[in-house]
Every structure is written in C-alpha cells, then in structure tokens.
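Asks: Could you have a look at this structure, given as structure tokens, before my questions?
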Amino acid sequence: MARIFIAGSNGQLGTDCQRVFAEHTLLAQDMPEIDITSRDSVTSAMNEFKPDFLINCAAYTAVDKAESDESLCHAVNAVGPAVLARECKLNGTFLVHISTDYVFSGDRAVPEPWLETDVPSPVTVYGRTKLDGEKAIQSSGCRHAILRTAWLYGAHGKNFPKTMLRLALADPAKTIRVVNDQFGCPTCSMQLALQIKKLIEQPVPPTGLFHAAAQGHTSWYGFAREFLTLMNVPFTMEPCTTADYPTPAHRPANSILENAALKSLGICTMDDWRAALQDFVRQNRNSLITGG
C-alpha cells in the first residue's frame, strides 16, 4: 500500500489512474486545488500528504493554441514539472511524469520508430515546452520515470475518437475527411495507467526515460475507420493529406514510438493498438454513444 499523489486528476489519464490505483492511499487533485506552477501550492500538498509517488498527469495539450499562447504552455509543461521535481527531491518522492512524441521532429521515414536513445528535436511550442519539462526533471536529482506516450484517448474528456463519433452520429451521410499521411500509435489512457502501475509496483521502481505507447501503428484515417467500425455506427469517410488540412502547429508525419526500455526490463504491458481499441469499445460503447 503506497501513498500516491495524482496531479491533474480530472483529465482522461488522471481519471483512469484514480481507478487503477484505488487500492492505494490517494490524493487526487486538479485545478484549482493544486497549481503545479506554484511552489507554495505544491509544497503545501506535499507536506500535508507526504506521498511515496507523485504521478503528474497535468499538461497543456492544446497543440495549436500553444503556438500563440507560449507563456502559459511553458508554465504548465516546463515550470510545473520543475516545481514538482524539486519538491519530490526534497521529500524523497518518486515522480512519474508523462511526456509526448512531440519532442521529436516526426521527419523519420515510416515505419521506423523513435527510440528513447534518439535525440529530440521538437518543432512546435508544445513539443519544446514538454522537452523543457523532461530536462528539468532529469536535472533535479529526484527519482523519476518519464513516460512518453502518443495519440492518447480515453473514456473521460475530449479526444480524437470521440470527435469522430460525434461527427458520425450527427450526420452519417456527411463525409468526414481525415488525414492519412501522419502515423502514430493510438494509446488508450487506461492501458497507460496500467503500465504506470506495473512500473511503480516493481520491487525497485526503475528510473529514467521510457516510451509507453500502444504497439503497432496506423494513420489518423486508419484509427478513425477502425474505431467507428468497432462502434458499429454508420459513417462516411475519405482520406486527405496534411496539406489539405493546415493547422497552426506542425503535425509530425511519424509519431511512432518503440517501447524499447520497458521491453528491455520485461515490464512492457502495452497492447497492440487494435486490441486495446477493441477492449476500449467493448467496455465503453454504451456510454460513448449516449455521451455519458
């Protein structure tokens, strides 16, 4: 039985972490109860709860908005992790931090994956701030595990498959155009929460940098078609290119992550993306349809 502090507990990963770690002693907080960018706020929570582990699920993830909102994005994604890491160091708390495929440029030929040993080269504000957060933790001296994930979706909160479902249900005959030249690993937040559990429940939790994404890869178009087909709802869809769908932030063409470090330790629990998606639909179809 461990004392676990989940910061950013109201998001899709934070919500699933609360379920996965329910048998432990939990402190689950989000804004406004906890402001990870405030040393006073974090210090107060840490001193009162005295956690063995802190799981940081808090992040600024509005990738396009970040291009014009760099100050807030940097505060949440870089300053926040630095504050958490400092307090974890002072309290002897093990920090689990969630990072992203966006720390890479995405310009590698598909299907060659990105490894933990590859040198990051982010090309967006979001990616740069997340990399700054990683570096702050690595230089803090606290015991930590940084888990990079990609294309995260879950039962709680807003995400890509929920958007596809909303569009399909609104007008099955209206063509949904989805990008088919960006590739990645659709990762279920429940699967990621279970991977975190496997990591921190080791006799000696491993430290360092880990990729933790679903295995295998697909395009956004492939992801959308697979999801709506599994949901058994009528839809009309056609592929398009990145050039057809310009966005303020550059989207990586290749976001494929290989979970090499977890596999080398024999503790990788991440499923193939299709198998995980099937489980997700089986467990959540009714609530997804009704919007509950």
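Asks: Within region 259-276, can you find the residues that are over 28 Å from Y126 (Cα atoms) and surrounded by fewer than 16 Cβ atoms within 10 Å (Cβ to Cβ)?
Replies: S264, L265, G266, A275
Asks: For A243, indicate whether it is small (G, A, S) and either surrounded by 13 or more Cβ atoms within 10 Å (Cβ to Cβ) or outside any helix (DSSP H, G or I) (or both).
Replies: It is false that A243 is small (G, A, S) and either surrounded by 13 or more Cβ atoms within 10 Å (Cβ to Cβ) or outside any helix (DSSP H, G or I) (or both).
Asks: Would you please name the residue that is least open to solvent (accessible area, probe 1.4 Å), looking only at residues in region 116-137 that are closer than 16 Å to A85 by Cα and free of Cβ contacts under 8 Å to residues at least 40 places away in the same chain?
Replies: This residue is L131.
Asks: Moving on. If you take the residues of region 58-93 that are in contact with a strand residue (DSSP E or B) (Cβ under 8 Å, 6 or more places away or on another chain) and aliphatic (A, V, I, L, M), which of them is most open to solvent (accessible area, probe 1.4 Å)?
Replies: By that ranking, first place goes to A59.
Asks: Scan region 96-114 and tell me whether some residue there is within 15 Å of T61 (Cβ to Cβ) and small (G, A, S).
Replies: Yes, region 96-114 contains at least one residue that is within 15 Å of T61 (Cβ to Cβ) and small (G, A, S).
Asks: Filter region 150-187 for residues that are open to solvent by 10 Å² or more (accessible area, probe 1.4 Å) and more than 22 Å from P246 (Cα to Cα) and give the result.
Replies: Within region 150-187, A155, H156, G157, L169, A170, D171, P172, A173 qualify.
Asks: Given the residues I200, I256, which is the only one that is open to solvent by less than 40 Å² (accessible area, probe 1.4 Å) and either among the polar types (S, T, N, Q) or more than 15 Å from the chain's Cα centre (by Cα) (or both)?
Replies: Answer to the selection: I200.
Asks: Next up: List pairs: first in region 281-292 and in contact (Cβ under 8 Å) with a residue 24 or more places away in the chain and closer than 16 Å to A224 by Cα, second among the basic types (K, R) and surrounded by 13 or more Cβ atoms within 10 Å (Cβ to Cβ), Cβ under 8 Å, 6+ apart or cross-chain?
Replies: L288/K162
The values are calculated or read from the model by the stated rules, or taken from the named source; none is laboratory data. From a predicted model like this one, the values you see are computed outputs, not experimental measurements. Neighbour counts are summed over all protein chains in view; Cβ atoms, including those assigned to glycine, are modelled from backbone coordinates with ideal geometry. Surface areas here come from the heavy atoms of the whole protein model, side chains and all, with no ligands, DNA or RNA. Shrake-Rupley method; radii C 1.70, N 1.55, O 1.52, S 1.80 Å.
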